[in-house]
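Colleague: I have a structure I would like to understand better, so I am pasting it below and will then ask my questions one at a time.
The values are calculated or read from the model by the stated rules, or taken from the named source; none is laboratory data. Given the structure is predicted, the values throughout are model-derived calculations rather than measurements. Virtual Cβ from ideal backbone geometry, glycine too; neighbours counted across all protein chains shown. The area values use the complete protein model at the heavy-atom level, side chains included, leaving out ligands, DNA and RNA. Shrake-Rupley method; radii C 1.70, N 1.55, O 1.52, S 1.80 Å.
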Amino acid sequence: MSGSGFFIDKTLTAETTSKFSTRSRFLIVAAISILYGVIALAIAAFFLNMSSHSLMGVTAVYIYGILGGLAILMLKRIFARAEQNRQILFDVLDRSPDAQAITDRDGNILYANQTWKNLYGEKDVLAYQDVADIFFRPHKLRQTLQAYFTKHDGTPPAQQDFSFVGRATDNTRWLKVIVHPITDWPDHNQWFVHDVTHEYQEQQVSEEQYQEMKSLFSHLPAGLCITNEDGIIIQINNKLNDFLNVIDKKVKFHDLFVTPPEDKSAPYSLFKDGRKIQSGHYKIKSDSGAEKHVFLLHCIVPQKNGAIRGYTVFYDPAEQTVARKQGNAEKLAEDIGGYFQELFTAAPLGMCTVTADLEITHCNSAFTHLSGRENCLNMALSSFVVKDQQSLLQQWIGQIAETDGRENAHALEIGFLQEKGQLPVCVYAHKITENELALCFVDLTQQKNLEQQFSQSQKMQAVGQLAGGIAHDFNNLLTAMIGFCDLLLLRHKPGDPSFADIMQIKQNANRASNLVRQLLAFSRQQTLQPKVLDLTDVLSDLSHLLQRLIGATIQMNIKHGQNLWSVKCDEGQLEQVLINLAVNARDAMSGGGTLDIITENYSNGKMESLGEDEFLPVGDWVLIKVRDTGTGIPPDVMRRIFEPFFSTKEIGSGTGLGLSTVHGIVHQTGGYLSVDSVVNEGTTFTIYLPRHQIQDKGDSAEKAEAEKPVKDEASEDLTGSAAILLVEDEDAVRTFSSRALSNKGYKIVDAPHGEAALELLENMKIDIELLVTDVIMPEMDGPTLAKHLRRLYPKLKIIFMSGYSEDRFKEEFGKNTHFLQKPFTLQQLAKKVKDVLEE
C-alpha cells in the first residue's frame, strides 16, 4: 500500500497533471483504481483461499478494491488543497504589519505571525504580563486585561472586543491592543497589536487646534457670531454675549438690529442681493433693550452639504476711542496680536504683515488667492504690484512706518499683477510694531463693476426721463394730428382727391405713435391695461403672426406648460415683447434655424441671480423662454443689448429700441428678464412673469369680459346726449375732442384747466354725467379736479387721458374711473365715452 501511495503521489503531482489533458487524467485514475482492485483481489485469494468458482465473492472484492482506491485518491486531494489554503492564509498573516496571535481558553498560543514573534519572541503560552511588557505603563494594561477576562470568566462573548491604547516603552510609538473573541470558536481569542502612532498624533493635533480655535472664538476681544441659513444664531462668543445676553436663547440675526436690514434680504444676510461680503455701521440692541453703535463685517459662506453659514464680526469703535484716551492702545494691540495668526488665517479678506522694506512675513489664504501665487512668504510685496505703482507703494508704506501707530488705518488703491491682467485692490495699512505693519486687501472688482453699472443706470435714467418728457409732449401733438385727420375724413370720403393725402398724414402719425409707445415702454411710463391672461391662449393666437414674421426658413416650435398659472399684464404689450424677441431671433438666423417658445411654471424658495446686477426674488413665476439657434451674442455686446438706440444691425435696419422696449415692458409689468447666450450656438431670453391668483369676483369678471366676442365697430352706435365736462390744457387736443363728441350729439363743456372748469360749472349750473380730463395741467391737475367734482357729483364717472398707472387711480377714485391712452382716434374717444356712460 505504501508503494502504491508513493506511486500515486509521483503520478498526480500538480506539475505532472498539468501536462495531461482531461481525458488522459481520467484514464490514469481509472487504471490506478483497477490496479487497486486487482491487488485487493489477490490479497483476498491468498488469505481467504477463495476459489475461482466463487464468482460473486470475487466480484465483490474487486469492486471494494476499486472504491477504496477512489476514496484514497479523493481524500488525498482534499487534504492537499486544505494544506495549500492553510499555507496561503499563514503566508498572508505573516506578511501583515500588525502583530496577530490566536489563543485558547488556557492562553496557549495556537498561532502567532512573524510580527508577533518579533515583538514577543517564541512563546507557547500567552500571559497578561507578556502583552503588557512592551507598554510604558504595563500595570494599567495588565489590570484592564484581568478585569476584562475576570468579568467574562475567561470567555468573552462574541462581538464584545477589548481595546486599549498606550505609549510603547521606547516612548516614541503608540500601540493599540485588541482582543477579539472568535465567533465560531467560543473558547478562542484573536489578539491584535497595531501601531497607531500616526493616527494618534493627527488626532492630538486636531484636538489641540480645535481647542485653540474654540478658545480664540470665545475670548477674542471682538464680538463674533455664526448664523445658519434660517437666520438663527447658533454660536456667539463671550464678548458679544456680554452685551446682548442672548446665550442659550433662540435669537434671529435680524432681531439684533434696531433698524432692520434691507427689505426682502435673506434671514442670514443684511442686503437683498445676498453679496458674499457685507459691512457697515449699525445699531444693535441687547436683551434688556440697551443699544450700541457697532461696525460689523459679515461674510456668507456656503457649506459642502448645501447649508449656509453667516460669520459676523462686531467691532465697537467707542472702545478703541476710550483705549486711546487712557493710553492703552499698545496693550490693546498686544492682546489682539496674541490671536492674530488664528484670526486672519480664516479671514475672507486678503491679509498679510510686512516689514518697512515690504518683505512679507505672514499671509493668509485669501491674500494668496488675490496675488495668484502659492508661496508669498519672504517675497517683496512690490513685486506683486504694477511697475508704475511700486514706488508709490514703497513711499506710502514708508510714511506709515514713521508714524506712532495711533492714526486710523490708511488706504491706497493699487493694481495687482495677475495672468489675466490687473486686479484692482484697496490696501488698508496699520502699524502694529516698530518694524511691522498689518495690511488688509479688498478686491475692488465688484465695486468697480457696480460703479460702472451705477453710472450706466444714471445715464439710462436720464435718457428715460428725457424719453418720457418727449413722449408726453408728442402724445398731445399726435392726438391732435390724428384727431383732425379723422375730422377731415368725415368730409373727404374714399374717391375724394384729398383722401389719400389725409390718410398719408394719419398713417405717418400712427407710425410716430408707435415710436412714442416704444420710448414710453423703455422709460416704463406707458399706460398699461393689465388683465388676467392665459399664456397658452395668447401664444396660440399669436403663433400665425410670428410664423409669418420669421419666414419659412425658420422652424418654430411652441411648447405649452401643463396646468399653467395665470398672469396679469397688458396683452398688447406682451405680444409686442414676443414679436420683438422673435424678430431679433430671425435676424440672428439668416441661414435658417429653429425658434423654440416654451412656457412653464417655476417656483424658487431662495433669491436667484439672473445676471451681474439683477436678482429674482422668492415667489411663483410663469416662464416664457424664447430660444434660437442663431449666431449668439458676444460678451462685449451682451453688456449693452438693453441700451436704447444701441444696435448691431446695419444703418436703417433697426431703431435700437427693440430689446430696451422688451426690458421696459417686462419690468413695468413686475417681471424679470435674463439672457443666456453662446456664440455660434444660440441665445435664450427667459421672461419671469409673477403668478396671478384670482382672488375676487373682479378678476373673474375681467377674465370673462376678455373672452366676449368683439363687436363690429363700423356698425356700432356711438352717439349720445349726455352732458360732458372736457378739461385739457392743449388747445388742439381740446378742440378736436370737443368737436368729435359734439358731432356725436353730446353736450360739451370744455375748459383749459381745473380751476376754469369749476368756475364754468358754478356759473352754468348744469349737471354733468361724465368728466373727461387730462392728468397733468397747470394751476389744478386732473386728479385734484376729480376730487372736487366727486364731492358735488358722487356718482360722476371719470375718464383720465393719462400715462399713469391704472391701479393707482382706481384705488383712489373707485371703479367709476377709466383711462384713455394718448394718442387716440376719434373712433376710440367716442367708443370709450359711449362704453363708460352705458356701464
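Colleague: When both residues are 6+ apart or on different chains and their Cβ atoms are under 9 Å apart, which pairs have a first residue that lies in segment 492-510 and is over 26 Å from F474 (Cβ atoms) and of a type in the set (V, I, T), and a second that is at pLDDT 85 or above and open to solvent by 50 Å² or more (accessible area, probe 1.4 Å)?
Modeller: none
Colleague: Something else: Show me the strands (runs of 3 or more DSSP E) entirely contained within segment 177-278 in which 2 or more residues are under 30 Å from D161 (Cβ atoms).
Modeller: By residue number, 189-195.
Colleague: Please determine whether any residue of segment 139-154 is charged (D, E, K, R), at pLDDT 80 or above and part of a helix (DSSP H, G or I).
Modeller: Within segment 139-154 (the criterion being charged (D, E, K, R), at pLDDT 80 or above and part of a helix (DSSP H, G or I)), the answer is yes, since at least one residue qualifies.
Colleague: Give me the pairs, please: first residue somewhere in segment 288-306 and closer than 21 Å to V246 by Cβ and assigned by the TED database to the domain that holds G605, second residue anywhere and open to solvent by less than 50 Å² (accessible area, probe 1.4 Å) and not basic (K, R), beta-carbon distance under 6 Å, and either six or more positions apart or on two chains.
Modeller: Going by the 6 Å Cβ cut-off, there are no qualifying pairs.
Rundown of residues vs (1) at pLDDT below 90; (2) more than 28 Å from the chain's Cα centre (by Cα); (3) under 20 Å from V679 (Cα atoms), yes/no style:
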site	(1), (2), (3)
T599	no, no, no
W621	no, no, no
K625	no, no, yes
P635	yes, no, yes
I651	yes, yes, no
L657	yes, yes, no
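Colleague: Assess whether P157 counts as being modelled with pLDDT under 80, within 30 Å of G289 (Cα to Cα) and open to solvent by less than 80 Å² (accessible area, probe 1.4 Å).
Modeller: Considered against the rule, which asks whether it is modelled with pLDDT under 80, within 30 Å of G289 (Cα to Cα) and open to solvent by less than 80 Å² (accessible area, probe 1.4 Å), P157 comes out as no.
Colleague: Would you check which residues across segment 730-751 are in contact with a helix residue (DSSP H, G or I) (Cβ under 7 Å, 6 or more places away or on another chain) and without any contact (Cβ under 8 Å) to a residue 40 or more places away in the chain and list them?
Modeller: Within segment 730-751, I748, V749, D750, A751 qualify.
Colleague: Can you find a residue that is at pLDDT 85 or above and open to solvent by 10 Å² or more (accessible area, probe 1.4 Å) anywhere in segment 801-812?
Modeller: No, that holds for no residue.
Colleague: Can you go through L564, L533, L545 and tell me which one is more than 30 Å from L450 (Cα to Cα) and open to solvent by less than 20 Å² (accessible area, probe 1.4 Å)?
Modeller: Answer to the selection: L533.
Colleague: Among the residues of segment 752-784, what is the count of those that are without any contact (Cβ under 8 Å) to a residue 40 or more places away in the chain and open to solvent by less than 70 Å² (accessible area, probe 1.4 Å)?
Modeller: 13
Colleague: Now a separate question. Of the conditions (1) surrounded by 11 or more Cβ atoms within 10 Å (Cβ to Cβ); (2) modelled with pLDDT under 90; (3) under 26 Å from Q529 (Cβ atoms), D712 satisfies every one except a single condition; which number is it?
Modeller: (1)
Colleague: So, one more: Return the residue satisfying two criteria in turn: it lies in segment 245-264 and is among the aliphatic types (A, V, I, L, M) and at pLDDT below 85, and of such residues it is surrounded by the fewest Cβ atoms within 10 Å (Cβ to Cβ).
Modeller: Among residues in segment 245-264 that are among the aliphatic types (A, V, I, L, M) and at pLDDT below 85, the one surrounded by the fewest Cβ atoms within 10 Å (Cβ to Cβ) is I247.
Colleague: A follow-up question, please. Looking at W174 and the list (1) surrounded by 13 or more Cβ atoms within 10 Å (Cβ to Cβ); (2) out of contact with any helix residue (DSSP H, G or I) (no Cβ under 7 Å at 6 or more places or on another chain), which single condition is not satisfied?
Modeller: Only one criterion in (1) surrounded by 13 or more Cβ atoms within 10 Å (Cβ to Cβ); (2) out of contact with any helix residue (DSSP H, G or I) (no Cβ under 7 Å at 6 or more places or on another chain) is unmet by W174, namely (2).
Colleague: A follow-up question, please. Condition test on Q190, is it exposed (fewer than 15 other Cβ atoms within 10 Å of the Cβ), not assigned by the TED database to the domain that holds V301 and not basic (K, R)?
Modeller: Against the criterion (exposed (fewer than 15 other Cβ atoms within 10 Å of the Cβ), not assigned by the TED database to the domain that holds V301 and not basic (K, R)), Q190 does not qualify.
Colleague: Can we say Q504 is surrounded by fewer than 14 Cβ atoms within 10 Å (Cβ to Cβ) and either of a type in the set (S, T, Y) or modelled with pLDDT under 85 (or both)?
Modeller: No.
Colleague: Of all residues being of a type in the set (A, V, I, L, M, F, W, C) and open to solvent by 60 Å² or more (accessible area, probe 1.4 Å) in segment 91-118, which is nearest to I182 (Cα to Cα)? Just the residue, please.
Modeller: Here the residue is L110.
Colleague: Another question about this same structure. So, restricting to strands (runs of 3 or more DSSP E) that lie completely within segment 544-622, which ones have at least 2 residues that are hydroxyl-bearing (S, T, Y) and not assigned by the TED database to the domain that holds P267?
Modeller: Passing ranges, in order: 593-604.
Colleague: Another question, then. When the residues of segment 265-285 are filtered to those that are crowded, with 18+ Cβ neighbours inside 10 Å and either out of contact with any Pro (no Cβ under 9 Å at 6 or more places or on another chain) or within 22 Å of F243 (Cβ to Cβ) (or both), which remaining residue is modelled with the lowest pLDDT?
Modeller: G274
Colleague: Can we say N364 is in contact with an Asp or Glu (Cβ under 7 Å, 6 or more places away or on another chain) and among the polar types (S, T, N, Q)?
Modeller: Considered against the rule, which asks whether it is in contact with an Asp or Glu (Cβ under 7 Å, 6 or more places away or on another chain) and among the polar types (S, T, N, Q), N364 comes out as no.
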